[in-house]
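Worksheet for the structure shown next.
The values are calculated or read from the model by the stated rules, or taken from the named source; none is laboratory data. The shown structure was predicted, so the numbers you read here are calculated from the model rather than taken from an experiment. So basically every Cβ, Gly included, is an ideal-geometry build from the backbone, and we count neighbours across all protein chains shown.
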Amino acid sequence: MHTIQSTIRLSFILSVTLLAMLGCDNSVSDKNLVYVPLLEVDQLLAPRPVLFENPKAGLWLDPRLPAQYEAGHIPGAISMPFPTMLTVAKSQLQGQGAIIVYDTNYDDILGKAGAKRLMELGIKNVYNLQGGLDVWQKAGHPIVTGPNPN
C-alpha cells in the first residue's frame, strides 16, 4: 500500500512538472517585434561609444530569397534567406549592433518572420523596418541590384 501511494505521488509530481515545463514556452510572437520607422533608422545604425554593450554599428538584413535580393535591396544589406537562418544567423550576427530586418512592403510577412527567428536564436537588438523596401524607395533612397557581396 505504501509503495502504491509513493508511486501515485511520484507520478503526480512528474506530471505537474512536465505540464509546467510544457506551459513555459520561450517562443517569440508578434508582440515581441520592435518596429522602427524609417526616420529612426539612422539612430540605430550609428556607431556607439565603447561603453555600450554593442558598440558596433548595425546592419541591414534581407531575409528574402536570393533572386529577390539580387533584383533590388538596400545598399549594404546582407542577404540571409529565411530558410538558412537557423544554420548561419548565430555565427554571423552574434555581437552585432542593431539588426534591421526588412521585407518588400507592409503586407510582406517574411521580415517579421525573420526578425522573430533571430530573436528565437537569442540574437539581441533586432528591429523590423515598417513598410520594408516600399517605404525605403518612396523616401527617395536608392536600391541596388546584384548578389550578396559576402
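Annotation: of all residues in region 80-106 being among the aliphatic types (A, V, I, L, M) and part of a loop (DSSP other than H, G, I, E, B), the one that is modelled with the highest pLDDT is Met80. Would you say Ile109 is of a type in the set (A, V, I, L, M), touching a helix residue (DSSP H, G or I) at 6+ places or on another chain (Cβ under 7 Å) and modelled with pLDDT under 95? For Ile109, the condition - of a type in the set (A, V, I, L, M), touching a helix residue (DSSP H, G or I) at 6+ places or on another chain (Cβ under 7 Å) and modelled with pLDDT under 95 - is not met. Out of everything in region 112-140 that is touching a residue at least 60 places away in the same chain (Cβ under 8 Å) and assigned to a loop (DSSP other than H, G, I, E, B), what residue ends up being surrounded by the most Cβ atoms within 10 Å (Cβ to Cβ)? This residue is Gly131.
Can you find a residue in region 16-28 that is within 30 Å of Ile143 (Cβ to Cβ) and modelled with pLDDT of 80 or more? Checking region 16-28: not a single residue is within 30 Å of Ile143 (Cβ to Cβ) and modelled with pLDDT of 80 or more. What do you reckon, is Asn148 of a type outside the set (A, V, I, L, M, F, W, C) and at positive phi? Against the criterion (of a type outside the set (A, V, I, L, M, F, W, C) and at positive phi), Asn148 does not qualify. Pairs are defined by a Cβ separation below 9 Å, a sequence spacing of at least 6 or placement on different chains, a first member in region 86-111 that is over 19 Å from Ile143 (Cα atoms), and a second member that is basic (Lys, Arg) and part of a helix (DSSP H, G or I); the pairs so defined are Leu86/Arg117; Ala89/Arg117. Within region 86-104, the residues that satisfy the criterion of being exposed (fewer than 13 other Cβ atoms within 10 Å of the Cβ) and over 15 Å from Val28 (Cα atoms) are Thr87, Val88, Ser91, Gln94, Gly95.
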